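Read the structure below first, then the notes.
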Amino acid sequence: MTNQSLPVDDPSTTREAAIHDRMQDSLRRLLRADPRAWIGGIAVAGIALLALVGPLLVTTDPEEYVARVYSGPSATLPLGADVLGRDVLSRLLVGGQLFLFEGITAAIFGVGIGVVVGMLLGTNRGRAVSVLRFATDTVMLIPQILLVLLIITAFGASPLTLIVAVAAAQILYTARVISAATQSVTSEDYYLAAQALGLSRGSLIFREVFPNIIGVVLVEFGVRLSVCFVALASLSYLGFSGSGAAWGSMIHENQGGIPLQPFAALAPVAAIGIFLLGMNMLRDSLARALARRTAQ
Amino acid sequence: MRRQYSSPVTRMVLTRIALGIGMLLLLSLIVFTATHALPGDIARTMLGQTATDEQVSALRSQLGLDRPLIVQYVDWLGGLFVGNFGTSLASGTPVSQLLAVLLGNTATLVLIAGAITIPLGILLGTVAARRPGSAWDVAISGTMQTILALPEFVVGILLVTVFAGKFLRLVPPTSPLDPRMSAIEQPALLILPVATMVLIAVPHLAESVKTLVRDQFAMGYTLTARLAGISEPRILSRYALPNTTGPVAQVVAITINYLLGGAVAVETVFSFPGIGSELVAAVSGRDFTVVQVITMGIATVMFVVFTLADILGILANPKLRNRI
C-alpha cells in the first residue's frame, strides 16, 4: 500500500484524529478491494434481512395444514409442504428471527464478559493468568456442545437459557485470547509509562489496553459470532430451539422427506449454510485487512 | 548421570498427569453442580407437577437426595471410580447396562473416522504447506474453510441428499444398527456417518498442520538445508516433521475432541444408536444420571488423549533433552 490518502500531519485536525481517520480509511479500502468481503457481506445481509422482515411477509399460518404431506412446489406453495402438510415458505420466513437474535445476543454477552475478564487477568501479573489457563484447559476437556447441553439439562431449553448456555460457553475462550493480547500490551513502553504515572487500573485498562486490542476484539467477536450461530443451529436441529418453527428443527422434522420433497429440509439448510459461509468470508476478509493494516 | 539426564522429563510428565487429574476433579464438580444442585428438585421433575409432597419426599430419600450435597458428591464420584454409575432416571435401568452397547458403536465410529482423518489431515496439511499459494494450497484451503464454516449436521444432511436422496441411492440414509450385531459387522450403515465425521474433522487438522509445517519451512535451518543440497523430501522427513511432533500431537488431540463432539450431531442425523444420540435423548428427558456419566466419560477419554499428546510433545522436544 503506497498511496496514503491522508498525510500523517494534517494541520486541520489533531494528530490523533488524523491517525485514526487514516486507519479507518485504509481498513475500508482494504475491505472494499477484497471480493470475499463483498460476497460474504451480501450473503449475510440477505439472510439476515430474510430472517428480520420474514415474519412480516407471511400470508399463511405457518402452523396450519395447507396441503398433502410433502406436496411438491406449486404456484401457491413455492417451496411445497412439509411433514405435517404446512407451508414450508411461511415456516422459513418466521423461523429465522429468533435464531438471529439469540446468536447476536449470545455473542455480545459471551465476548463482552470474556473481554472484561481477559483484560482484568491480563493486566494482573502473577497467578491469575495460570489460573485462567487451568480453567480453560479444564473446560476444553469436553467438546463445547457438551458444555452447552449440560446447562440445558439443568435449566431446560427456552430462548433465555439457550442464550445463557451458548454465551457462557464462549467466555473462557475469549478471555484466553484477550488476556494474551493484553499481556503483549502490558510489556509496551507506553503502557509502562502510563503505569509509572500512577494511572488507576481502570484507566490503564480503558485508555491504554482496550484501544490497542480493539482489532483483536473485533476478530474474536467475528469468530465467536460464527461459533454461537453454529451452536444454536445445531441445538435447534437436536430439538432444543425454544420455539415452534426454527430453521434447525425444520431440518430435523423434514429430513426423512428428502427423497420425496427435498425443499422442506433443504430450504432451511440453504439459509443456515449461506449465512454461515458468508459470515466466514466476511470475518476472514476483516481479519486479513486488520493484519495488513497493522503491517503497514 | 543417567538419573539427572531423565529426571526433568519424568518430573514434567508427572506434573502433567497430576494437573490433568486436578482438571478432571474440577470438571466433576462443575458437572455435579450443573446437573444436581442448581435446578432445585430432581424428584419433582421426575414425578411431574401433579405429585404430592409425600411422594416427592419419598422419592428424594430413595434417591438419596435428602443427604447433604457434599455427601452426595463424594458418593457419586466414588461410584464413578468403581464403575457404579447409578440408574437412569428415565428408564430405571442401570446406566452401565444402558450405555454398554452404545459405547461400542460410538467407539467403532470414532476409531474408524479417526483412523482415516488423522493420516489424511496430516497429509493434506503438509502438501498445502510445501508450496504456499500454489493451486493445491488454494484448493485445499478453500474447501477446508467452506466445510469448517458449516455445522456438522448440515454436512451430514448434504451427504444424505447427494448419496441417499432422490436420484442416487448408493447408501442407506439412516443407520439404525441392529443391536444383536456389532457395528463393524454392518459396514453399509457406517459409510455415511464415518464420511461425515471425516469431512468435519479433516479441515481443522489440515489447516493447523499446514500452519505448523509452513512455519518450519520458513525457518533458517530449512534454508540452510536447501543450500546444502539436501533433497526436499529429506528436509521434510528429517527436519520439518520431527520439529512439529509436539504441536501436531496437540492438534491431533483437539481433532479427537472434534470427533467426539461431532458424534453428538452426526449420530442424531443418522439415527445411529450411540453415546451421542443417547446424550441428546437424555438431555431432552432431563435424565441427569445419564448426562453426568456420558459427560464425565468423554472428559476422561479427552484427559487421556491430551495427556498422551503432551507427554509425546515433551519426549519429542530436543530442547528438553539436555536440561539438567
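The values are calculated or read from the model by the stated rules, or taken from the named source; none is laboratory data. This structure is a prediction, so every number in the text was calculated from the model and none was measured. Quick reminder, even Gly has a Cβ in these numbers, built from the backbone with ideal geometry, and neighbours come from all protein chains shown. Quick note on the areas: whole protein, heavy atoms, side chains included, nothing else; ligands and nucleic acids left out. Shrake-Rupley method; radii C 1.70, N 1.55, O 1.52, S 1.80 Å.
Quick notes
- Highest-MSF residue in chain A out of A:Arg36, A:Arg86, A:Arg68 [GNM, Cα springs under 10 Å]: A:Arg68
- A 1.4 Å probe over all protein chains sorts B:Glu232, A:Glu64, A:Glu102 by accessible area into A:Glu64, B:Glu232, A:Glu102, starting with the largest.
- Counting, for every residue in B:177-184, the Cβ atoms of other protein chains within 10 Å of its Cβ and taking the mean gives 0.
- Measuring nothing but protein heavy atoms, the accessible surface of the stretch B:95-321 at 1.4 Å probe radius is 70 percent carbon and sulfur.
- Dimensions (Å) - the protein assembly as shown, Cα atoms, principal axes, largest first: 73, 72, 58
- Surface accessible to a 1.4 Å probe, per residue, for the residues of the stretch B:76-128, Å²: 48
- Positive-end ranking of A:Phe109, A:Pro268, A:Gly248 along the dipole of the protein assembly as shown, with charges on Cβ about the Cα centre, is headed by A:Phe109.
- Computed in the context of the full set of protein chains, the accessible area of chain A at 1.4 Å probe radius has 66% of its extent on carbon or sulfur.
- When restricted to Cα atoms, the stretch B:95-321 yields an Rg and a Dmax of 20.1, 66 Å, respectively.
- For the stretch B:273-305, a reduction of at least 40 Å² in accessible area between the chain on its own and the assembled protein chains (probe 1.4 Å) is found at B:Val280, B:Val283, B:Arg286, B:Thr295.
- If you plug the beta carbon distance of B:Val71 and A:Leu218 into 1/(1 + (r/R0)^6) with R0 = 51 Å, you get a FRET efficiency near 0.55.
- Interface area, B with A, accessible, probe 1.4 Å, both sides summed, Å² nearest 100: 3700
- Test item: Cα-centred dipole of the protein assembly as shown, Lys/Arg +1 and Asp/Glu -1 on Cβ, debye: 2260
- Normalising the average separation of contacting C-alpha pairs (under 8 angstrom, six or more residues apart) by the number of residues puts the relative contact order of chain A at 25 percent.
- Mean Kyte hydropathy of 1.6 or more with a Cα span along the axis of at least 30 Å, helices from DSSP in chain B: B:95-130, B:288-316
- Comparing each chain alone with all protein chains together (probe 1.4 Å, DNA, RNA and ligands left out), the residues of the stretch A:151-191 losing at least 30 Å² of accessible area are A:Thr153, A:Ala154, A:Phe155.
- When you restrict to C-alpha pairs under 8 Å that are six or more residues apart and normalise by the size of chain B, the relative contact order lands at 27 percent.
- Gaussian network model of chain A, Cα within-10 Å springs - most flexible of A:Ala48, A:Ala167, A:Ala194: A:Ala194
- Rounded to the nearest 20 debye, the dipole magnitude of the stretch B:95-321 is 740 debye, with +1 charges on Lys and Arg beta carbons, -1 on Asp and Glu beta carbons, and the Cα centre as origin.
- Amide H to amide H, with H built 1.01 Å from N, B:Thr87 comes under 5 Å of B:Val95, counting only residues 5 or more places away or on other chains.
- Take the stretch B:196-324 with all the other protein chains still there, run a 1.4 Å probe, and you get 39 Å² of accessible area per residue.
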